[in-house]
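**Q** For reference, the structure I am asking about is given below.
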Amino acid sequence: MTPLIAVIVPVYNCEKDLPACVDSIRAQTFSDLEIILVDDGAKDSSGALCDKFAAEDERIRVIHKENGGLISAWTAGTKISTAPFLMYVDSDDWIEKDMAERLLAGMKKDPSDGTYTKGQIVCSEGWIDRRGAAPEKLLHGLPPGIYEGEDLREKILAGVLGREKRPVTYSRCMKLFSRELIENNMHYADPRIRMAEDLTVTVPALADAERVVILEDACLYHYIFLPESMAHGFDSGMYENAKLLRQIVHKIIADKGLDPAMEEEEHLMQLALAVKIILRGDPSAQDCVRRVREICLTEDTRGLAERYRGTVEDPANRLCLFVMRRPSGLRIRAVRAVFRAHAKKQAGGR
């Protein structure tokens with residue numbers, strides 16, 4: 001019989017964290033799973049570990065492929081999966097043992113009915129685990145509840161892009177998707193995207209969903225904060241990423257009938273993210289100034305930052321807009337020092 005849930009794990013150079021991740025999936029109280037480990041050309045022993053786990057558990061299948069990035073990995077796993085519901089876990093994270101069970105229960109409109117309807121996304125919440133520090137809750141912008149019809153359109157889709165605090169996080173993790181919502185929207189997921197890549201599939205999936213559920217008291221996903229990871233380390237291609245992402249967002253908005261005003265707002269958020277990553281990354285002060293000025297002076301970034309400055313509340317984003325409005329060397333170096341000091345503190349002072 002076809003298992004009910006496919007759990008797809010992109011794997012790349014994570015030999016230290018992969019065992020805890022896979023063990024947490026194998027230990028789920030809901031066991032009717034297919035577990036797909038996608039070795040994305042790992043250079044360490046991750047690929048061999050995947051094969052070891054598959055030999056121990058018949059529910060596990062392994063794909064070994066050339067390195068193509070995160071989107072390439074999770075889409076490859078999705079394509080060979082067969083289950084009607086899809087769940088994603090990153091290889092350096094782990095999940096609570098009842099996560100799959102609780103997410104699947106949320107798929108039932110009537111708890112007494114044994115059937116499931118299509119077009120649904122069920123969301124848990126999670127924790128940001130910083131090694132050597134207290135964990136921090138990772139919550140959606142909306143409270144727990146069931147969102148469908150007008151509620152879904154007004155409370156989720158109206159603010160799904162261009163917001164600091166999104167009604168539902170656009171991470172593909174912490175969620176259980178009806179399969180067709182992912183399959184029908186995978187064409188937006190461009191493997192060239194290196195940052196905010198989950199947006200390209202989660203946003204159109206939310207737009208197509210008939211029902212979105214945010215579970216109550218369900219911090220079930222543990223996101224391991226790694227300063228050196230893609231989301232927190234320096235990447236010299238972040239500006240190109242932001243421009244490509246805007247093209248994809250434009251198409252999603254047009255195809256799904258979302259508010260066109262969100263495109264510009266989302267682009268500003270992605271430019272601010274690119275500036276933030278450069279400011280807290282590893283390039284020299286001189287290179288940092290050059291890269292930030294490239295972003296701020298190539299297009300009307302300063303005008304965007306000025307127009308939306310009153311809507312930004314997050315202190316880090318406000319510092320980014322402070323730089324973007326007037327990208328002088330003095331401002332860039334000063335804010336860079338603030339970000340790097342904060343990053344050192346988060347890393348335990350190392």
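**Q** Give the number of residues within the range 179-196 that are hydrophobic (A, V, I, L, M, F, W, C) and either in contact with a strand residue (DSSP E or B) (Cβ under 6 Å, 6 or more places away or on another chain) or surrounded by fewer than 16 Cβ atoms within 10 Å (Cβ to Cβ) (or both).
**A** 1
**Q** Given the conditions (1) over 21 Å from Arg192 (Cβ atoms); (2) acidic (Asp, Glu); (3) assigned to a helix (DSSP H, G or I), report the number of the one that Glu266 does not fulfil.
**A** The single condition Glu266 does not satisfy is (1).
**Q** Looking only at the range 183-222, which residues are touching a Phe, Trp or Tyr at 6+ places or on another chain (Cβ under 9 Å), under 17 Å from Lys256 (Cβ atoms) and not in a strand (DSSP E or B)?
**A** Ala189, Asp198, Leu199, Thr200, Val201, Thr202, Val203, Pro204, Ala205, Leu206, Ala209, listed by residue number.
**Q** Of all residues being touching a residue at least 40 places away in the same chain (Cβ under 8 Å) and exposed (fewer than 14 other Cβ atoms within 10 Å of the Cβ) in the range 281-293, which is nearest to Ser328 (Cα to Cα)? Just the residue, please.
**A** Among them, the one singled out is Ala285.
**Q** Among the listed residues Leu176, Leu199, Leu152, identify the single one that is within 27 Å of Ala242 (Cβ to Cβ), surrounded by 15 or more Cβ atoms within 10 Å (Cβ to Cβ) and assigned by TED's automatic domain parsing to the domain that holds Ala76.
**A** On inspection, the qualifying residue turns out to be Leu199.
**Q** Another question, if that's okay. If you scan the range 297-319, which residues turn out to be under 17 Å from Lys243 (Cβ atoms) and in contact with a Lys or Arg (Cβ under 6 Å, 6 or more places away or on another chain)?
**A** Matches in the range 297-319: Arg302, Ala305.
**Q** Still on this model: Farther than 26 Å from Arg194 by Cα and either modelled with pLDDT of 95 or more or exposed (fewer than 14 other Cβ atoms within 10 Å of the Cβ) (or both): does that describe Gly77?
**A** Taking the combined requirement at face value, the residue does not satisfy it.
**Q** Restrict the check to the range 20-36 and report whether at least one residue is more than 23 Å from Phe177 (Cβ to Cβ), part of a loop (DSSP other than H, G, I, E, B) and at pLDDT 95 or above.
**A** For the range 20-36, residues more than 23 Å from Phe177 (Cβ to Cβ), part of a loop (DSSP other than H, G, I, E, B) and at pLDDT 95 or above: absent.
**Q** Test each condition in (1) touching an Asp or Glu at 6+ places or on another chain (Cβ under 6 Å); (2) of a type outside the set (D, E, K, R); (3) closer than 23 Å to His222 by Cα for Gly41 and report the one that comes out false.
**A** (3) is the only condition that Gly41 fails.
**Q** For Leu273, which of the numbered conditions (1) part of a loop (DSSP other than H, G, I, E, B); (2) in contact with a helix residue (DSSP H, G or I) (Cβ under 8 Å, 6 or more places away or on another chain) fails to hold?
**A** Going through the list (1) part of a loop (DSSP other than H, G, I, E, B); (2) in contact with a helix residue (DSSP H, G or I) (Cβ under 8 Å, 6 or more places away or on another chain), Leu273 breaks only (1).
**Q** Another question, if that's okay. Return the only residue of Ile278, Ile253, Ile248 being in contact with a Pro (Cβ under 8 Å, 6 or more places away or on another chain), surrounded by 14 or more Cβ atoms within 10 Å (Cβ to Cβ) and not assigned by TED's automatic domain parsing to the domain that holds Lys165.
**A** Ile253
**Q** Would you please name the residue that is farthest from Gly281 (Cα to Cα), looking only at residues in the range 303-332 that are surrounded by 16 or more Cβ atoms within 10 Å (Cβ to Cβ) and of a type in the set (D, E, K, R)?
**A** So the residue we want is Arg325.
**Q** Need pairs with beta-carbon distance below 8 Å; first residue more than 17 Å from Ile182 (Cβ to Cβ) and within the range 104-125, second of a type in the set (Ser, Thr, Tyr) and part of a loop (DSSP other than H, G, I, E, B); sequence gap 6+ or separate chains.
**A** From residues that are more than 17 Å from Ile182 (Cβ to Cβ), the pairs are Lys108/Thr115; Lys108/Tyr116; Lys109/Thr117.
**Q** Continuing with the same structure: Would you mind telling me which numbered condition in (1) outside any helix (DSSP H, G or I); (2) touching a His at 6+ places or on another chain (Cβ under 8 Å) Glu313 fails?
**A** (2)
The values are calculated or read from the model by the stated rules, or taken from the named source; none is laboratory data. Note that the structure is predicted; figures quoted are calculated from it, not measured. Positions of Cβ are backbone-derived with ideal geometry, glycine not excepted, and every protein chain shown enters the neighbour counts.
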